[in-house]
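To start, the structure itself, in structure tokens.
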Amino acid sequence: MDAARRPPAHVVEQATRDLRLRRLRHEDAERADIRGWHTAAEGYALMNEQPYDDAGAREVMHTWADAWERDGYGYWVAERLADGVPVGIGGVRRTPGPGKDSLNLYYRLSPDARGHGYARQIGSAATSFALEWVPDLMVTCRINPRNEPSLHTARSVGMTDIGPWRAEHDPADEPDSRLLRAPDTVVGPVEPGSAAYDEVLDLWVRVNEAGGAVGFEKDAPRSDVAAALDAHLADCRSGRAELVRIAAPTLASWSEPDAYGPLLGFGFVTLPDDPKLAHRTTLLRVMVDPDLQGRNLGRLLIATLHARARSHGRAIAEIAYRGGTGLGDFYAGVGYVETGRLPGGLQFSFGTRDDVSMARRLDGRPLGGGARPT
């Protein structure tokens, strides 16, 4: 990978609620306990692949360690924060694919570490890392349709099943694998009267009806929402903002970027041209499909917005939210820190709420010397 496109070294190792996700090193390939996760037949019972023998496990793990040296990222070793014990391997690794390279999503746990949600934590961190720091490569994985636990994990971290996929080495007596992909990114304004415009407006209205805090109260008139959308789109056409959507991937969108599926979420990044503010962006109207809660889509949308803002040379992202919604914890989990709070600053028919501001640096460094974002 071009050195200019390598993710910064300080963001490639991460932490989740329970895990430290660190670089897989060559010395890990010499650990019998870690190699054993890839040689035990039980761990491959629902997969198209066969377990490695000990020499094969050592060889493939050295290959994975080489990927870190080549690309600056790759599969992590997951260690429990509580005691430092390794419990699994996972993450994303650049691999050749049909017609183009992609990022393979992978997770494998020690048998005694299953049932604690570790695979979901690894997968969630990996997909959001990929969309924020390696946005030019799509995230994919292949899973045997009999492997329901792995399929459930993949869906829960934002992956969409786009159809069957068979590799040349798949056993003849096994069914076609399911091919899953992370959301497609769609950038650019939508035109009033178009299907894409109606899809964005429909989603905003549904989010309002579900009680989402994106500028309106529940059951706000559709015409009011349309007026707000039109104002944002005017800013997009003038270059003062950009509409960023995430959409369900399809098999066709693998090679045809415009062949994406239904809208999953969207938001705006502002692009102020005042020289004093040209290093900043504000994220506005950030929302995902309320029917798809629990699929990691909020985190993936934020990662995509960060990547787009960074592509415009922005160094600091800001966001405001309505107090009492619990959104502060979510934004803190993706690296934001509170920078201001006006008690009772927002007034609604149901009462007042605090108006809260948060910010983070887009290079992953601490904002104002605070704790390192994760």
Taking the stretch 288-335, which residues are assigned to a loop (DSSP other than H, G, I, E, B), over 18 Å from ARG353 (Cα atoms) and touching a residue at least 12 places away in the same chain (Cβ under 8 Å)? ASP289, GLY294, ARG295, ASN296, HIS312, GLY313, ARG314, ALA315, VAL334, GLY335
The lone condition ALA82 fails out of (1) assigned to a helix (DSSP H, G or I); (2) open to solvent by 50 Å² or more (accessible area, probe 1.4 Å); (3) hydrophobic (A, V, I, L, M, F, W, C) is (1)
Given the condition closer than 21 Å to LEU297 by Cα, open to solvent by 40 Å² or more (accessible area, probe 1.4 Å) and at pLDDT 95 or above, answer yes or no: does some residue in the stretch 118-131 qualify? yes
Among what's in the stretch 135-165 and is acidic (Asp, Glu) and under 28 Å from VAL244 (Cβ atoms), pick the residue that is least open to solvent (accessible area, probe 1.4 Å). ASP161
Here's a check for you: in the stretch 103-117, which residue that is open to solvent by 10 Å² or more (accessible area, probe 1.4 Å) and not in a strand (DSSP E or B) is nearest to THR160 (Cα to Cα)? GLY117
Selection within the stretch 45-76 - modelled with pLDDT of 95 or more and outside any helix (DSSP H, G or I): GLY72, TYR73, GLY74, TYR75, TRP76
Filter the stretch 16-44 down to the residues that are at pLDDT 95 or above and part of a loop (DSSP other than H, G, I, E, B), then identify the one that is most open to solvent (accessible area, probe 1.4 Å). ARG17
Of the residues GLY265, GLY261, which is touching a strand residue (DSSP E or B) at 6+ places or on another chain (Cβ under 8 Å), modelled with pLDDT of 95 or more, buried (at least 18 other Cβ atoms within 10 Å of the Cβ) and among the small types (Gly, Ala, Ser)? GLY265
Go through the stretch 242-258 and give me each residue that's surrounded by 19 or more Cβ atoms within 10 Å (Cβ to Cβ) and over 22 Å from ASP289 (Cα atoms). TRP254
Would you pick out the residues in the stretch 235-281 that are without any contact (Cβ under 8 Å) to a residue 24 or more places away in the chain and not small (Gly, Ala, Ser)? GLU256, ASP258, ASP274, PRO275, LYS276, LEU277
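The values are calculated or read from the model by the stated rules, or taken from the named source; none is laboratory data. The model shown is predicted, which means the values in this text are computed figures rather than measured ones. All Cβ positions, even for glycine, are placed from backbone atoms using ideal geometry, and neighbour counts span all protein chains on display. The protein model used for the area step is the full one, side chains on, heavy atoms only, and it has no ligands, DNA or RNA in it. Shrake-Rupley method; radii C 1.70, N 1.55, O 1.52, S 1.80 Å.
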